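Trainee: Questions regarding the structure given below will be posed in turn.
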Amino acid sequence: MSDQHLAQSLLERDMNAYADLLHDGYVNHTAYAAPGEAGSIAVFQRFPDAFQDLTVTVEAMYEDGETVIGRFRYRGTFTGPLMGHPPTGQAVEMHSIEIRRVCRGHLQEHWDALNTLDFSLHLGAASVVSTEVTA
């Protein structure tokens with residue numbers, strides 16, 4: 001199991017291949033995923049549905065025993081609804097750092113840190129307050 005296999009299953013929209021990567025008792029510590037395998041698969045499916053031209057780049061990967069740490073870049077055009085937001089047709093880019101614990105070639109646990117502010121700005125779900133100081 002590698003982050004490249006994970007990225008490939010996402011790009012190919014192959015939920016069966018993704019499910020095969022998950023260990024029994026898989027835990028996704030991501031706040032926006034429902035518990036269990038089904039919750040993780042639902043999150044995994046949302047992105048290719050919302051970004052039909054999605055690309056995933058593994059920018060770096062580090063392995064130490066059972067721990068795999070990856071830095072990813074996701075790019076695509078926002079063409080389908082996502083998290084209650086209508087598509088904007090805009091190009092979107094998001095970066096993440098993800099930590100996975102692997103057991104016998106299967107994902108056991110997952111944690112991530114996403115660049116959600118920039119992503120939310122592209123979705124139209126956030127705005128930046130001006131930092132300009134007036135006298």
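Values quoted throughout were computed directly from the atomic coordinates according to the rules given, and no laboratory measurement underlies them. Since this is a predicted model, take the numbers as computed values, not measurements. Virtual Cβ from ideal backbone geometry, glycine too; neighbours counted across all protein chains shown.
Trainee: Express in nm, to one decimal, how much length is gained between residue 121 and residue 24 on full extension, taking 0.36 nm for each residue of separation and deducting their alpha carbon distance. If you can, show how the numbers build up before the last one.
Mentor: Working: separation 97, 0.36 × 97 = 34.92 nm, distance 3.63 nm.
Additional length available on full extension: 31.3 nm.
Trainee: Also, I was wondering about something else. For n ≥ 4 DSSP H runs only, could you compute -39500 (n - 2.57) per run for the chain, divide by its residues and tell me the 222 nm figure to the nearest 500?
Mentor: On the way: 4 runs with 39 residues, N = 135.
Here the helix-only value at 222 nm equals -8500 deg cm²/dmol.
Trainee: Given R₀ = 30 Å, FRET efficiency for residue 13-residue 67 by Cβ-Cβ distance, to 0.05? Please report the intermediate quantities before stating the final value.
Mentor: Working: r = 28 Å, r/R0 = 0.92.
It comes to 0.60.
Trainee: Through the Karplus equation 6.51 cos²θ - 1.76 cosθ + 1.60, θ set to phi - 60°, convert the phi angles of region 102-115 into ³J(HN,Hα) values in whole Hz; use x for Gly and Pro.
Mentor: 10, 10, 6, x, 10, 5, 9, 9, 9, 10, 8, 10, 10, 7
Trainee: Still on this structure, I have one more. For residue 27, which sequence-distant residues (separation of 5 or more, or a different chain) have an amide H within less than 5 Å of its own amide H, given hydrogens modelled in the peptide plane?
Mentor: Those lying under 5 Å, H to H, from residue 27 are 109, 110.
Trainee: Continuing with the same structure: Mean projection of the alpha-carbon convex hull of region 39-80 over all orientations, in nm²?
Mentor: On the way: hull surface 14.3 nm².
For the Cα atoms of region 39-80, the hull's average projected area reads 3.6 nm².
Trainee: Further question: What residues of region 74-106 lie in the reach of a label at residue 53, counting those whose backbone N is under 14 Å from a point 7 Å from the Cα along Cα→Cβ?
Mentor: The answer is 75-80, 88-93.
Trainee: Does region 14-71 come out rounded, prolate or oblate by the C-alpha gyration tensor, with a ≥ b ≥ c the root eigenvalues, rounded set by a/c under 1.5 and, if not, prolate when a/b is larger than b/c and oblate if not? Mind dumping the intermediate values first?
Mentor: Values: a/c = 1.75, a/b = 1.09, b/c = 1.60.
It comes out oblate by the Cα gyration axes.
Trainee: Can you list residues whose amide H is under 5 Å from residue 22's amide H, if they're 5+ apart or on another chain and H is modeled 1.01 Å from N?
Mentor: 107
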